[in-house]
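Peer 1: After the structure tokens below, expect a handful of questions from me.
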């Protein structure tokens with residue numbers, strides 16, 4: 001049944017005879033669990049950080065994380081003589097925990113992710129490494145948002161003195177969803193409004209995200225995917241204004257209008273929204289070696305086979321957590337070893353492969369439509 005669904009989902013949309021592989025990787029630039037010490041202390045206090053690989057292993061990327069990732073990517077070349085390239089979906093800011101606490105949890109403050117890096121050991125060259133990745137076409141950022149949380153929802157829970165979130169806050173961490181056996185309300189969908197009246201505030205967040213992204217990366221964002229939950233379609237125009245031409249979306253987009261109202265639309269690779277001519281990219285492969293014991297290389301290769309069978313590019317989803325080692329060095333070691341094995345298998349099976357960024361793929365699709 002799974003194979004049938006994968007085949008059917010690859011039928012609609014843009015086609016090509018080229019063997020194109022795109023690797024999209026969410027969550028870069030964002031805090032998650034601050035350190036191994038914080039992890040242990042939060043776990044002891046009742047936060048169930050051990051339930052998810054994201055709270056168990058994920059953290060703000062360090063100098064070592066990026067250098068080791070670049071080393072793996074640099075070992076390989078495609079049919080054009082270029083290295084594999086990651087499209088990291090980046091947030092560009094994090095909560096300023098000290099200022100929020102000083103306001104009595106009444107006023108939200110954020111800081112450039114670069115300032116967050118300055119508070120962490122072994123993070124002093126992260127922005128320089130981002131820029132080196134751009135220059136060497138190994139790590140070319142796209143936009144994931146300003147911060148990886150719903151500001152209004154998170155602040156409301158903190159103001160209500162949600163005990164689990166307050167504990168995580170004291171450890172300058174977030175992402176945990178359970179405390180002492182009880183679920184914590186969802187607060188990670190950054191562009192998923194509770195009310196239609198939230199839209200103007202989200203517009204401002206997008207505008208500031210565009211400014212910070214350009215300041216950090218040296219170019220305006222051209223590609224976007226929403227964190228955690230679908231973004232409101234009403235925000236697409238604002239994304240366009242900051243430079244976004246390409247949107248990664250689920251094939252069935254179930255987007256919020258606010259006030260518990262939703263609409264759905266079916267999307268496919270290469271479809272454009274009529275009003276803004278933004279082009280949709282859909283993912284059709286997964287590679288998440290930190291999440292379980294299955295053979296992720298074999299699984300991803302099988303999905304690539306199906307994508308190429310239907311003359312589709314392989315667009316792989318692979319989160320940052322797979323390559324992060326500051327909490328558990330073995331997590332990064334395993335993830336990078338598996339990435340190295342995946343890239344070797346792709347090149348061996350398809351010597352004509354071309355590794356591209358999401359924007360490069362979008363540009364090719366856009367040209368064929370003209």
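FYI, it's all coordinate maths here, none of it is from the lab. All values derive from a computational prediction rather than experimental measurement. Here the Cβ is made from the backbone with ideal geometry for all residues, glycine too, and neighbour counts use every protein chain on show.
Peer 1: At 222 nm, what value in deg cm²/dmol follows for the chain if DSSP H runs of at least 4 each add -39500 (n - 2.57) and the sum is divided by all its residues, to the nearest 500?
Peer 2: After summing the helix terms and dividing by residue count, I get -11500 deg cm²/dmol.
Peer 1: Sorted by average packing, counted as other Cβ atoms within 10 angstrom per residue and highest first, what order do 221-232, 14-25, 85-96, 172-183 take?
Peer 2: Most protected by this proxy first, the peptides run 85-96, 221-232, 14-25, 172-183.
Peer 1: What residues from segment 288-329 fall in the zone where the backbone N is under 14 Å from a label point 7 Å along the Cα-to-C-beta line of residue 79?
Peer 2: From segment 288-329, the list is 308-309, 311-314.
Peer 1: If each residue of separation counts as 0.36 nm, what is the full-extension length gain between residue 265 and residue 128 once their alpha-carbon separation is subtracted?
Peer 2: The residue 265-residue 128 span can extend by a further 45.3 nm.
Peer 1: Quick check for you: which residues of segment 42-58 have the amide N under 16 Å from the point 7 Å beyond the Cα of residue 180 toward its beta carbon?
Peer 2: The answer is 42-49, whose backbone nitrogens lie closer than 16 Å to the label point.
Peer 1: Mind jotting down the distance between the C-alpha centroids of segment 117-175 and segment 338-355, whole Å?
Peer 2: Cα centroid of segment 338-355 versus Cα centroid of segment 117-175: 31 Å apart.
Peer 1: Separate question: Quick check: the distance between the Cα centres of segment 81-104 and segment 263-332, to the nearest angstrom?
Peer 2: Centre-to-centre (Cα) distance: 21 Å.
Peer 1: Once the chain is represented by equal point scatterers at the alpha-carbon sites, with solvent omitted, what log10 I(q)/I(0) does the Debye formula produce at q = 0.07, 0.13 Å⁻¹?
Peer 2: Summing over Cα pairs of the chain leads to -0.29, -1.08.
Peer 1: Moving on to the next point. Does a label point 7 Å from the Cα of residue 170, set along Cα-to-beta-carbon, have any residues of segment 38-79 with amide nitrogen under 11 Å, and which are they?
Peer 2: Within reach of a label on residue 170: 42, 45-46.
Peer 1: Further question on the same structure: What's the extension gain from residue 344 to residue 241 if we count 0.36 nm per residue and subtract their Cα-Cα distance?
Peer 2: Working: separation 103, 0.36 × 103 = 37.08 nm, distance 3.94 nm.
Extra length from residue 344 to residue 241 when fully extended: 33.1 nm.
Peer 1: I've got another one for you. Using a simple spin-label model with points 7 Å from Cα along the Cα→Cβ vector, what separation in nm is obtained for residue 156 and residue 363?
Peer 2: 4.2 nm
Peer 1: Specify the angular offset, from 0 to 90 degrees and rounded to the nearest 10, of the alpha carbon long axis of helix 329-349 from the longest principal axis of the alpha carbons in the chain.
Peer 2: On a 0 to 90 degree scale, this one is about 20.
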